[in-house]
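Following: one structure in structure tokens, then a few remarks.
FYI, it's all coordinate maths here, none of it is from the lab. What you see is a predicted model; the values in this text were computed from it and never measured. FYI the Cβ positions are ideal-geometry reconstructions off the backbone, even for glycines, and counts take in every protein chain you see.
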Amino acid sequence: MQTIAEQTKEGKRIIVKKPELLAPAGSLEKLKVAVHYGADAVYIGGREFGLRSNADNFSIEEMREGVQFASKYGAKVYVTTNIYAHNENMDGLEEYLRDLQDVGVTGIIVADPLIIETCKRVAPKVEVHLSTQQSLSNWLAVKYWKEEGLHRVVLAREVSLEEMLEMKKNVDIEIETFVHGAMCISYSGRCVLSNHMTARDSNRGGCCQSCRWEYDLYETNENGEKALFNPDDASYTMSPKDLNLVQAIPKLIEAGIDSLKVEGRMKSIHYVATVTSVYRKVIDAYCADPENFVIDKAWMDELEKCANRDFAPQFFEGKPTYEEQMYGIHPKRTKFDFAGLVLDYEAETSMVTLQQRNHFKPGDEIEFFGPEIENFVQTVGTIWNEDGEELDAARHPLETIRFKVDRPVYPQNMMRKEVR
């Protein structure tokens, strides 16, 4: 059994080998944000062989730029190649994998044995990580993939902590598990609802997220349809609550899990920044002083400020029940809009220059956050555009805006506004 790397300093236990924090990056901008906000690694999709065809997927040259950026900060880049390949998907595979090796990606995340064996043969410098699409949920299967030469396995989202401990006890291989984000209504993403309803193949990058839709429930018989709902009922939904294991980070670290993964390549840069920064703080705080670690309520509140459904630990603590599903009327959640991205700050004038991302105006209460600062709230005063013209509101997307701020801020810090 692997043991976590730790030492004692001045009588205090310290964990010196932290788990990797793995963040989603659906675009080059999101990659840079994820690294800036504390990710040790990012996972991205190319324009072929991946499961998020609607993301702003990377060209080979964008991958090269992303790898170079990440490398400057000691971060790694993994590429999803996790489709189940049909005959027509095989053309160009060898060339694509060689290109990934050439640009310097650390590894690929893969489900199909064809892609696994091809990568080992034509791009041997690229690590092979087994995708969650393989629904890996027992230690003997982990052992099998270890013997097949894989570097890491990504567990099914249906695996409990108890099962993870059994895997770590019996097999010496890197283990990656999801800790935050959307859950699939089907087993580890093996869903065909999208195929049936829209002819978009879930397992070849086309999922339309049918389980997120709202439905009316009917019974059909020889006399036709009978409604099983009242007009004022909440629409029936089969969507699970989002996964949130931030409070379980100590257990995952003590279990020796190697990589903690955040879901969300289709999410905004505000989501990526917020979630990555919170998990970074929790991991660092626990590893620095595990014996005295306490979850800070501010971390939990921060996670509520980006787009989420209701949260649940899902399978981590055992089999979920109906309480982990999104049935009935969904409670209102605190909602913040991502309002601006900091481009520059002038200390002499206390002026911030930012790129507007959502409407705001003088008199609005806004909040700044970022890895270099403590969150702070202030009221927006007079605002100007880049030509020095005073504005009654920032209403044009990506417009450059200037106004005074109460405290110093830094490039890539973000500004959000609560929607009331």
Protection proxy ranking, peptides 228-239, 282-293, average beta carbon neighbours within 10 Å, highest first: 282-293, 228-239
Cα principal axis extents for the chain, largest first, Å: 73, 63, 49
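Within 10 Å of each candidate Cβ there may be at most 12 other Cβ atoms; applying that plus a DSSP loop requirement, which GluC sites (Glu not before Pro) in region 366-420 survive?
Qualifying residues, ordered by number: Glu372, Glu386, Glu389.
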Label-point separation in nm, Tyr215 to Gln355, each point 7 Å along Cα→Cβ: 4.0
Antiparallel DSSP beta bridges within the chain, percent to nearest 5: 60
Whole-angstrom gap from region 273-309 to region 335-385, using each part's C-alpha centre: 23
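Among DSSP beta bridges whose residues both lie in region 6-84, state the antiparallel percentage, nearest 5.
On the way: 4 of 13 bridges.
Of all bridge pairs located within region 6-84, approximately 30 percent are antiparallel.
Would you mind classifying region 141-185 by shape? Square roots of the alpha carbon gyration tensor eigenvalues, ordered a ≥ b ≥ c; an a/c under 1.5 is rounded, otherwise it is prolate if a/b is larger than b/c and oblate if not.
Taking the square roots of the gyration eigenvalues as a ≥ b ≥ c, region 141-185 is prolate.
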Compactness of region 339-406, expressed as Rg and Dmax over alpha-carbon positions, Å: 11.1, 31
Ranked by how many other beta carbons lie within 10 Å on average, peptides 7-13, 161-167, 172-178 from highest: 172-178, 161-167, 7-13
Under 19 Å from Lys335, Cα to Cα: lysines that are on another chain or at least 8 residues apart: Lys241, Lys267, Lys297, Lys305, Lys361, Lys417
MRE, 222 nm, helices only [DSSP H, n ≥ 4, -39500 (n - 2.57), over the chain, to nearest 500]: -7000 deg cm²/dmol
